[in-house]
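K.L.:
Can you read through this structure? Questions will come right after.
The numbers here are math on the coordinates, done by the rules we state, and not lab data. Everything numeric in this text was worked out from a predicted model, so none of it was measured. In this analysis, Cβ positions are derived from the backbone assuming ideal geometry, glycine residues included, and neighbour counts consider all displayed protein chains.
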Amino acid sequence: MDVIEQIARPEAGGTRAVVDRVALTWEQRQKSRQKLRTVGGREIALALPTGTRLHAGDLLATAEGWIEVQLAAEDLLLIRPRDPKETAFVAYQIGNRHLPLGLAEQTLQTPYEPVLAAYLSQQGIPVERIQLPFTPVSALGTHRHA
């Protein structure tokens, strides 16, 4: 099992080849210490510095080459508020439950929670359960540590 202690940004790839990929959920990308299985079936262990967050395209070094981080599809609620008042109401409900919030064109996203889905539907707000990669607003900043 490869133990990975550092990450590299995509532009640092150089001439080393990408030999495998690992698809991670948002929650998995927040953990600096964990065991994972790559798309190719290889077991790896992350032992990254505390506070390290992985992003799509990050490269994990192994003796054979790079393992590229990809975003895994997740079980999400896609919410389509129809006006600013509904948008504020939905954002409040998501925040009140301490759930992460994602923004996309004309929609809000959050991890699927059946109680929230039912409540928003009862309020007449269009919601849909979908499978997509998820990156919340809090993780969109450009400030990164390597």
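K.L.:
Could you give the spread of the C-alpha atoms of segment 2-71 along their three principal axes, from largest to smallest, in whole angstroms?
P.N.:
Extents along the principal axes: 29, 25, 20 Å.
K.L.:
Grab the other residues whose beta carbon is less than 11 angstrom from that of Val18, score K and R as +1, D and E as -1, and report the net.
P.N.:
My count for the surroundings of Val18 gives -1.
K.L.:
Of the DSSP beta bridges with both residues in the chain, give the percent that are antiparallel, rounding to the nearest 5. Each step should come with its number before you reach the end.
P.N.:
Numbers: 23 of 32 bridges.
Taking every DSSP beta bridge with both residues in the chain, the antiparallel ones total about 70 percent.
K.L.:
Of His55, His98, how do they rank once you tally other Cβ atoms within 10 Å and put the fewest first?
P.N.:
With the fewest neighbours first, His55, His98 line up as His98, His55.
K.L.:
If you split all Cα-Cα distances of segment 74-139 into 10 Å bins from zero, what percentages do you get per bin, shortest first?
P.N.:
Spelled out per bin, shortest first, that is 23, 63, 14, 0.
K.L.:
Then there's this: Can you give the extra length, in nm with one decimal, that the chain gains between Ala45 and Glu5 once fully stretched, where that is 0.36 nm per residue apart less the Cα-Cα distance?
P.N.:
13.5 nm
K.L.:
Another question, then. Express in whole angstrom the spacing between the alpha-carbon centres of segment 47-112 and segment 12-44.
P.N.:
Centre-to-centre distance over Cα atoms comes out at 17 Å.
K.L.:
A follow-up question, please. Suppose R0 equals 41 Å. What FRET efficiency, 1/(1 + (r/R0)^6) with r the Cβ-Cβ distance, do Lys31 and Ala88 give to the nearest 0.05?
P.N.:
For Lys31 and Ala88, the calculated efficiency is 0.80.
K.L.:
Within 10 Å of each residue's Cβ, count the other Cβ atoms and sort Tyr119, Tyr92 from fewest upward. Walk me through the intermediate numbers first.
P.N.:
Working: Tyr119 14, Tyr92 10.
So the ranking, lowest neighbour count to highest, is Tyr92, Tyr119.
K.L.:
Another question, if that's okay. What are the equivalent ellipsoid semi-axes of segment 12-52, built from the alpha-carbon gyration tensor (square roots of five times its eigenvalues), in whole angstrom, biggest first?
P.N.:
Numbers: eigenvalues 72, 41, 19 Å².
Ellipsoid half-lengths, sorted descending, are 19, 14, 10 Å.
K.L.:
Sort Thr15, Thr52 so that the residue with the fewest other Cβ atoms within 10 Å of its own Cβ comes first and the one with the most comes last.
P.N.:
Least crowded to most crowded, the residues run Thr15, Thr52.
K.L.:
Nearest-5 percent of antiparallel DSSP beta bridges in segment 2-71?
P.N.:
Taking every DSSP beta bridge within segment 2-71, about 55 percent pair in antiparallel fashion.
K.L.:
Between Arg80 and Thr15, what is the FRET efficiency for a Förster distance of 35 Å, r being their Cβ-Cβ separation, to the nearest 0.05?
P.N.:
Values: r = 46 Å, r/R0 = 1.30.
Step by step, r from the Cβ atoms, then E = 0.15.
K.L.:
Still on this model: Students often get this wrong, so try it: which of [x] 14.4, 41; [y] 17.8, 55; [z] 14.3, 45 is Rg and Dmax of the Cα atoms in Å as calculated from the structure shown?
P.N.:
[y]
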